[in-house]
1. Of all residues in region 93-123, which are more than 20 Å from Thr222 (Cβ to Cβ) and among the acidic types (Asp, Glu)?
2. Cβ-Cβ distance below 8 Å, separation of 6 or more or different chains: which pairs start in region 185-200 with a residue that is farther than 15 Å from Cys171 by Cα and end on one that is among the acidic types (Asp, Glu)?
3. Please specify each residue of region 69-92 satisfying the condition of being on the phi > 0 side of the Ramachandran plot and surrounded by fewer than 20 Cβ atoms within 10 Å (Cβ to Cβ).
4. Quick test for you: out of Ala219, Ala193, Ala239, Ala277, pick the one residue that is over 21 Å from Tyr128 (Cβ atoms), crowded, with 19+ Cβ neighbours inside 10 Å and at pLDDT 95 or above.
5. Which condition breaks for Asp147 when tested against (1) out of contact with any Leu (no Cβ under 7 Å at 6 or more places or on another chain); (2) in contact (Cβ under 8 Å) with a residue 12 or more places away in the chain?
6. Tell me which residues, restricted to region 283-316, are surrounded by fewer than 19 Cβ atoms within 10 Å (Cβ to Cβ) and of a type in the set (S, T, N, Q).
7. Report, by residue number, each residue of region 1-16 that is hydrophobic (A, V, I, L, M, F, W, C) and either farther than 21 Å from Leu389 by Cα or surrounded by fewer than 19 Cβ atoms within 10 Å (Cβ to Cβ) (or both).
8. Out of all the residues in region 80-131, which are of a type in the set (A, V, I, L, M, F, W, C), more than 23 Å from Asn174 (Cβ to Cβ) and touching a residue at least 60 places away in the same chain (Cβ under 8 Å)?
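The values are calculated or read from the model by the stated rules, or taken from the named source; none is laboratory data. Remember, it's a predicted structure, so these values are computed and weren't measured experimentally. Reconstructed Cβ throughout: ideal geometry from the backbone, glycine too, with neighbour counts over all protein chains shown.
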Amino acid sequence: MVTQRVKGMSYAIRDVAAVANEIKKTGKIVYQLNIGDPVIFDFKTPDYISQALADATFAGQNFYVDSLGVRELREEICIYEKKKNNVDLKADDVMITSGVTEGIFFVLASLLESKNELLIPGPSYPVYINYSKFFDGVPVEYELDEDDLWEPNIDDIRKKISDKTQAILICSPNNPTGIVYSKNKIKQIIDLAGEYDVPILSDEIYDQITFEKDYVCPASLTNDVPIIGMNGFSKAHLATGWRMGYIYYHDLRNKLAELKEAVEKMARARLCANSIAQYAAIEAIKNPGPHTEEMVKKLRERRDYSFKRIKQIEGLSCNNADGAFYLFPKIDFKEFSKWKNDKEFVIDLLKNTGICTVFGSGFGTYGKDHFRITFLPDLNTLETVYNLLEDFLK
C-alpha cells in the first residue's frame, strides 16, 4: 500500500533523466543539460577541498556530530554572511543540513499543514511544489513577469496573500529563470511580509554565481521581518554530491522561536549531517580560493553564447540570465504545431537529438510552454547542442 502523498510526487528534472538513461542504453549520445551539476562537466572540486575531506576521515572525525552541525563550521558561516551580505548571525542561528533540500524539507514540515499556503515564485524549483503538497499545504505561485525580465509581480503577490499564507519564498538567483531579483523588488516583498506578519524564506544557493547584476541578500534589508535563509556548498564550492547545506535565522524579534525549535527536533531525529564533509567545509569557507570566480567567468562566456544561439532560432524567445546556470526559453507552439505541449516537445527533442532538457510545466503553471536548459558544458559541446537543436526545429 503506497500513500497518496507519495503517489502525487513528481520531479521533472530527474523524471527526464530516467528517459535519458533508457536512450543511453541504445548507444545514443545524450547531452545532459537537464541537471544543474557543474561537477559533471569541466568544473572540478578543488584539490584542497578534497584533501580536507580526506584529512578529516584519516584524522578520525567519522563520528556523529551535533545535530545542529559542527560549531566551528557554524561560526565560520556567521563570519561569511557578515562579510558578504552584512548579516549579523550567531552560531546558534545556523543549522547544517544535508543540502538545501533537507533544509526545505525541515522548514516546510514545520510550517505547513491543513491546506495552509506557501507563496512561491512561478516558475519555481519543483521541490517547493512537491514538499508543500506532501505536508498537506498548498503552493501558491506568484508571477515572475517574463515581459519584465522575470522580475516578481508585486501586485500579484499582494492579491495572493491570504489568512492561510505561512511564508513568502524568494529564490534569487532564480531556478529556472536565472533572474536576480532587484533590490527594489525584494524590499517591496519584505514590506508585504511585514504588513501581513509572515516570514520570508530565502533560497540563496546561487548567491555567488551572478553576472552583471549584483546579488542582494533579503536579510541585509530588514531587522523587522524574520528571514529564514537557506544556502550551501554544492554550487559555489563545486561539491554537489557532498550534500552540504545550512539554514540560518535572521530574527531579531524572536518571532521564529517556535519554528526554530521544531526544525531542531527534526534535525535531532535524523542524528546529523555528514561529519567529515562538515570538517572539510570549514576549510572551504575559511579559504575560499579562486575556483568560484573562475567558474563564474567561464559561465558568463557560455551564457552569452547560449543566449545568442537561442535568439537566432526562429520560434524560440528567451530572457538572458542574471545568475545561476540556466536559461528558460519559450516555445512558440503556433510555429511548432507538431507538439501539443512543452513536455511532449522536450521528450521528442531528447529522443531525436539526445539533448536532455527539462519541460517548463514541471516548474509550475508559469513554466508552461518553456523548457529549461543549462549552459554548463564547454563551448564546443554547446555548439554541437545548438546546431542539433536548430536542425531539429527546422
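1. Glu102, Glu113, Glu117
2. From residues that are farther than 15 Å from Cys171 by Cα, the pairs are Gly194/Asp224.
3. Asn86
4. Just one listed residue meets the conditions, Ala277.
5. Asp147 satisfies every listed condition except (2).
6. Passing the criteria: Asn287, Thr292, Gln312.
7. Met1, Val2, Val6, Met9 - these are the residues of region 1-16 that are hydrophobic (A, V, I, L, M, F, W, C) and either farther than 21 Å from Leu389 by Cα or surrounded by fewer than 19 Cβ atoms within 10 Å (Cβ to Cβ) (or both).
8. Listed by number, the residues that qualify are Leu89, Val94, Met95, Ile96, Ala109.
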